[in-house]
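These notes are about the structure you will find just below.
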Amino acid sequence: MRRRALAALLILLALAGAAWAQPKKDASEIGDRERALQQKQRQLREERAKAAEARRREASLLAELEETEKRLAEKRRQVALLDTRIRRAQSDIATLQAEIGRLETQRGGQEEALARRLRAMYKLEAQGGVLPLVLSGRDPVAQAVRLRHLATLAAVDARTIREYRVTSEGLEERRVRIEARRKELSALRAEADTERAEADREAGKRRGLLAKVKDERAYHDRMIVELSEATRRLEAFIRDLQARQRRAARAPERSRPAPGDIGPGVGLGALRGRLVWPADGKVVGEFGAQVHPRFGTKTFRNGIDIEVAEGTDIVVVYPGHVVYTGWFRGYGNLIIVDHGNDYYTLYAHAADIRVAEGDDVKQGQIIGTVGDTGSLQGPRLYFEVRHQGKPQDPAQWLRPRG
């Protein structure tokens, strides 16, 4: 019996131990699963981060250049505005300094006049005061004259004192204003320095990107592909412009003659070789097929690059109608002018644009200034002539230079 009881007790203890160990085993398995899940989540986050970085590296170079140039342009605009405010503050300070100098001279004269009057009154007081002077003598008329004279002197003294007080208050007010303007000027200079530093950083980013395009084959090849795509988008855009212009010309409610209403054989089409130059500079990029001297890549340029100083005026080569102004990827600030009979001229890389869509322009009219927006080579004007959507060699349309 004892043996059977002992065996039963051992069996119960074994079962209790197994029951107690099972939760520990389950908890351990759950912990392992949680750790595995967390590890997988970390791996997923790392993979997503790598994918995002890869997408960032593969992002459009032209888009990156565009964003950098827009930020740079905004910083330069802010710096220009701050410089204008600085000049205005400096002018105000100079004006206030001149006014302070004038008021100090004026107050100096008033102080001298008051000092003279005080000395005279002191002497008069030493002689017995005003009353004996007024009452001296027996002639009442003379006494009245002396009294009026003293009253006039008192009025003059009171006015001089008031003027002195006004001058002093004016001096204090201008000193407070000049101090405020000096503080504002200091703050403006600090803000301008910050904006200039940020502009320098954006310019550095732009230079770095352009250096990569110039020196690294992979970046160069990517840029060639993107520029080709930009050219196709521009051609499609011009075709759309032409279609819209034709629809507008057919509309009965059109109030002004369509550019294409010019008769055949006249207008821009009759001026081959006689158009004015859009900017006075050197042609550094010819029309037609191009081979890169370093990488050997082949491209086709639909216009010409004219190298000129930044800020040089851009003039329209023939009367026309502005149909587009704005940023166009790959070309920067772009102006397109419709000259009628399906002739268009394009002006790209402008620093600023001085016409708006819908404007009629005259030959030689300034429509913008030369810049380097969208340019990979620095300040220059990119110029195209197109007929029926097809690019023409501008050298055959511009007048020869003597």
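The values are calculated or read from the model by the stated rules, or taken from the named source; none is laboratory data. All values reported here derive from a predicted model rather than from experimental measurement. So basically every Cβ, Gly included, is an ideal-geometry build from the backbone, and we count neighbours across all protein chains shown.
Below is a table of values for the structure above.
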| read-out | value |
| --- | --- |
| Any hit, segment 286-305, residues being under 27 Å from the mean Cα position of the chain (by Cα), of a type outside the set (S, T, N, Q) and not assigned by TED's automatic domain parsing to the domain that holds Glu67 | yes |
| Selection count where residues are closer than 18 Å to Gly296 by Cβ and aliphatic (A, V, I, L, M), scope segment 202-230 | 6 |
| Selected residue (criterion: surrounded by the fewest Cβ atoms within 10 Å (Cβ to Cβ)) from residues of segment 306-341 that are under 20 Å from Gly389 (Cβ atoms) and touching a Phe, Trp or Tyr at 6+ places or on another chain (Cβ under 7 Å) | Asp338 |
| Among (1) in contact with a Phe, Trp or Tyr (Cβ under 8 Å, 6 or more places away or on another chain); (2) surrounded by fewer than 19 Cβ atoms within 10 Å (Cβ to Cβ) - the single one Gly368 does not satisfy | (2) |
| Residues that are part of a loop (DSSP other than H, G, I, E, B), in contact (Cβ under 8 Å) with a residue 12 or more places away in the chain and of a type in the set (Val, Ile, Thr), drawn from segment 262-311 | Ile262, Val276, Thr297, Val308 |
| Set Gly374, Gly402: member being closer than 15 Å to Glu69 by Cβ and either exposed (fewer than 15 other Cβ atoms within 10 Å of the Cβ) or at pLDDT below 95 (or both) | Gly374 |
| Test: Tyr324 is in contact with a strand residue (DSSP E or B) (Cβ under 7 Å, 6 or more places away or on another chain) and part of a strand (DSSP E or B) | yes |
| Filtered residue count, segment 271-296, keeping only those that are at pLDDT below 90 and either within 15 Å of Tyr318 (Cβ to Cβ) or in contact with a helix residue (DSSP H, G or I) (Cβ under 9 Å, 6 or more places away or on another chain) (or both) | 3 |
| Matching residues, segment 281-297, being within 21 Å of Gln392 (Cβ to Cβ) and surrounded by fewer than 17 Cβ atoms within 10 Å (Cβ to Cβ) | Lys282, Val284, Gly285, Glu286, Gly288, Ala289, Gln290 |
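Yes or no, residue by residue, for (1) under 21 Å from the mean Cα position of the chain (by Cα); (2) modelled with pLDDT of 90 or more:
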{"residue": "Thr160", "(1), (2)": "no, no"}
{"residue": "Glu163", "(1), (2)": "no, no"}
{"residue": "Leu171", "(1), (2)": "no, yes"}
{"residue": "Arg177", "(1), (2)": "no, yes"}
{"residue": "Arg189", "(1), (2)": "yes, yes"}
{"residue": "Arg196", "(1), (2)": "yes, yes"}
{"residue": "Arg206", "(1), (2)": "yes, no"}
{"residue": "Arg217", "(1), (2)": "no, no"}
{"residue": "Arg233", "(1), (2)": "no, yes"}
